[in-house]
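None of the figures in this text is laboratory data; all of them are computed from the coordinates on show. All of these numbers come straight from a predicted model, not from anything done at the bench. With ideal geometry, Cβ positions are generated from the backbone for all residues, glycine too; neighbour counts draw on all protein chains shown.
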Amino acid sequence: HRPARQTVSWLWFREFIRWEVAPYPGRMSTVIRMTIAATLVMIIVVTFRIPNAALAGLFSILLARESLAVTWRGGQLIVLGFVLASLYTLFGMMLFRGYPITHFFWVIGTLFLAFFVMRTTTNYAAAAAFTIPIGVALPIWDGSLPSEFQVEGTLWPIVIIAVGAGATVLTEAVY
């Protein structure tokens, strides 16, 4: 027979799922708006073959949808976080790329900053918007690609997140 501990965990999980999918006023409307926004984002991304498409889908779902004003503010925070992180990465690479020791310490400091922001920020979407471009750009810059491709790989996430946030805000405005 099975140990009691597994049964208790299963009951807890079943109650958690039941609580998570319980209906509440406005839930269906929110689900419809999220589905429309994510579908619109993916159509744009696939049509124009924009790299890092999963980021647009992720942030179109992460944006808050309590009201149009809250969604607009959230979209602005997400795009601002991506722009700041991308600029931080570009300037850091311009300053420290040619010096192995300082580059090493800059990467360590940057990873510390990313984990610190994720841990201490109360707005998860804004924190992820700051840390994800750093996580995307660091491997690109440590490779042996030409500089043009490295800069392009650092800037594409800004475009993709702007598309995701813009499509979500547009969906909210139309709805």
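One table, with the values for the structure above:
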item	result
Qualifying residue in the stretch 154-166 (condition: closer than 17 Å to HIS103 by Cβ and not basic (Lys, Arg))	yes
One residue from ILE50, ILE61, ILE36 being surrounded by fewer than 18 Cβ atoms within 10 Å (Cβ to Cβ) and over 19 Å from THR154 (Cβ atoms)	ILE61
Entirely in the stretch 15-117, the helices (runs of 4 or more DSSP H) that have 3 or more residues that are in contact (Cβ under 8 Å) with a residue 40 or more places away in the chain and over 16 Å from the mean Cα position of the chain (by Cα)	27-48, 68-96
Hits in the stretch 71-95 (condition: under 16 Å from THR121 (Cα atoms) and small (Gly, Ala, Ser))	GLY74, GLY81, ALA85
